[in-house]
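Trainee: Below is one structure. I have some questions about it.
The values are calculated or read from the model by the stated rules, or taken from the named source; none is laboratory data. None of the values given here were measured: they were computed from a predicted structure. Note: ideal-geometry Cβ built from the backbone for every residue, glycine included; neighbour counts use all protein chains shown. Protein only, heavy atoms only, side chains kept; ligands, DNA and RNA dropped before computing areas. Shrake-Rupley method; radii C 1.70, N 1.55, O 1.52, S 1.80 Å.
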Amino acid sequence: MSGSLGNKEVMAKNIRKQLESRDLNVKDFAARIDFKYSTVLDWVNAKTYPRIDKIELMANYFGIEKADLIEENNQLHTTSEESIDLSNLREKVVMFDGKPL
């Protein structure tokens with residue numbers, strides 16, 4: 001269950017990805033969000049898993065959804081600023097032997 005809540009390795013990978021994309025090191029990031037350096041280092045090294053309130057603070061800092069830190073996912077979720085227009089989507093009916101499935 002690599003994408004399940006509680007997976008320290010996925011969380012660590014996602015935090016590192018966010019830090020790298022912003023050219024931040026763990027020490028600077030910890031200072032900017034006022035977390036203990038050793039705590040953030042443990043998250044990045046997959047030794048511990050952050051509490052949900054810390055996940056939310058990190059997601060807000062990075063401007064991403066919490067799921068982008070928690071889940072193993074190659075695509076980032078859109079933020080409220082980048083909403084997607086879903087009004088024109090229609091349900092696709094899959095047919096088998098002339099009958100909908």
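Trainee: Pairs, please: C-beta under 6 Å, at least 6 apart or cross-chain, first residue in a loop (DSSP other than H, G, I, E, B) and in the range 30-47, second open to solvent by 80 Å² or more (accessible area, probe 1.4 Å)?
Mentor: Here the result reads ALA46/GLU9, each pair linking the range 30-47 to a residue that is open to solvent by 80 Å² or more (accessible area, probe 1.4 Å).
Trainee: Another question, if that's okay. Just for the range 48-64: of the residues that are assigned to a helix (DSSP H, G or I) and among the β-branched types (Val, Ile, Thr), which one is nearest to GLN18 (Cα to Cα)?
Mentor: The selected residue is ILE55.
Trainee: Further question on the same structure: So, in the range 64-79, of the ones that are modelled with pLDDT of 50 or more and either of a type in the set (S, T, N, Q) or under 12 Å from ASN7 (Cβ atoms) (or both), which residue ends up surrounded by the fewest Cβ atoms within 10 Å (Cβ to Cβ)?
Mentor: Filtering first and then ranking leaves ASN74.
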